[in-house]
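**Student:** Here's a structure for you.
The values are calculated or read from the model by the stated rules, or taken from the named source; none is laboratory data. Given the structure is predicted, the values throughout are model-derived calculations rather than measurements. No Cβ is skipped: glycine too gets one built from the backbone with ideal geometry, and neighbour counts run over all protein chains shown. Keep in mind that these areas ignore ligands, DNA and RNA; they rest on the heavy atoms of the full protein, side chains included. Shrake-Rupley method; radii C 1.70, N 1.55, O 1.52, S 1.80 Å.
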Amino acid sequence: MKHLIPLILPATLLIACGGENSEPLKANPDSSTDNNTQDTSNLTQSCGSDFNAQRSLNKFESTSVFWQIEGARLQSKSQLTLLADKFSLSASHELSSDDTLCLLAANIFGSSSAQTWQGNDNGSVKPGELYYYSPAMTFTGALPSFTSLDDWRSQGAPTQTPVTTPDSEITIWYRNRDENRFTLGTTQSNQNPVILSCDQDGFALSYSLSQVAQSQIDTLNPSFCETQGNGENAVTQCLSVALTTTDKLESCTFGATSVALPDNTGNKTSVKVAGELNIVTGDAELKITQIDVK
């Protein structure tokens, strides 16, 4: 049995950058998950030797963050998420199996069509309503080595510095008809760490001075801020950092990686997949080239 959905032209890139409402910087985020099994052995193609699925990750969300005061409030790191939204129409899959999990994987990684919810009302979707799968790849960047705003300026006030491939993970989201994304279960059961091997170092930390609200100043590290003017005319700007991609990044591959596939009732099943992530200007494509559902 073969299922094939023709490719459609990729959708428009959308970048959303965080500002004064971004998450605070976290020194040692908890990266442990229940789905961190990754090995280098060859996968058994349990969905047929011709299985492949590809999906456009057309929306880029970059969250910029400020340096927080050390102590009671810990610092977090900037993140970049590539995900499929309602405009992610570029999708295709092929398989020679009618196994339930194989069909589920093909729908998640190789189809943009709607599915029917058969689980309980969870506040985001009700029984019988349509929903969509939205695979996403999230990258977390290491904090730069600057010690202050003056230190950044003494090094030439760079707008960005290249970084090696950051930590990454795959998450399979649901999307309801109102375009709200949601997952069911714990963070650990939904986030799936993946080790990427990229042709080039195509990531960078980007810096900018951003104005912050007066109510937020007390939570920010003053070493990375400056205030101009007095009284009601005072304006405070602080250095922020965001994780971005560069035009050097083209292809990243990953070996056998455990991924939790959510079904139309909210249950999840762990399978192993391998594939690649291709990023070009304005679009990204996630390809699954091997899968083992046993």
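**Student:** Suppose we filter the range 53-62 for residues that are more than 12 Å from Leu82 (Cα to Cα) and surrounded by fewer than 20 Cβ atoms within 10 Å (Cβ to Cβ); how many remain?
**Tutor:** 0
**Student:** Out of curiosity, is Ile217 under 28 Å from Pro144 (Cβ atoms), aliphatic (A, V, I, L, M) and either at pLDDT 90 or above or part of a strand (DSSP E or B) (or both)?
**Tutor:** no
Table: residues versus (1) over 27 Å from Pro158 (Cβ atoms); (2) acidic (Asp, Glu); (3) crowded, with 17+ Cβ neighbours inside 10 Å; (4) in contact with a Pro (Cβ under 8 Å, 6 or more places away or on another chain).
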| residue | (1), (2), (3), (4) |
| --- | --- |
| Leu243 | no, no, yes, yes |
| Phe254 | yes, no, yes, no |
| Val259 | yes, no, yes, no |
| Val273 | yes, no, yes, no |
| Val280 | no, no, no, no |
| Leu286 | yes, no, yes, yes |
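**Student:** From the residues in the range 51-66 that are in contact with a helix residue (DSSP H, G or I) (Cβ under 8 Å, 6 or more places away or on another chain) and in a strand (DSSP E or B), which one is nearest to Ser134 (Cα to Cα)?
**Tutor:** Only one residue fits best here, namely Arg55.
**Student:** Looking at Leu83, Leu89, Leu74, Leu25, which one is open to solvent by less than 20 Å² (accessible area, probe 1.4 Å), at pLDDT 50 or above and of a type in the set (A, V, I, L, M)?
**Tutor:** Going through Leu83, Leu89, Leu74, Leu25 in turn, just one is open to solvent by less than 20 Å² (accessible area, probe 1.4 Å), at pLDDT 50 or above and of a type in the set (A, V, I, L, M): Leu83.
**Student:** Looking only at strands (runs of 3 or more DSSP E) that fall completely inside the range 223-279, which ones have 2 or more residues that are within 20 Å of the chain's Cα centre (by Cα)?
**Tutor:** Answer list for the range 223-279: 235-245, 251-262.
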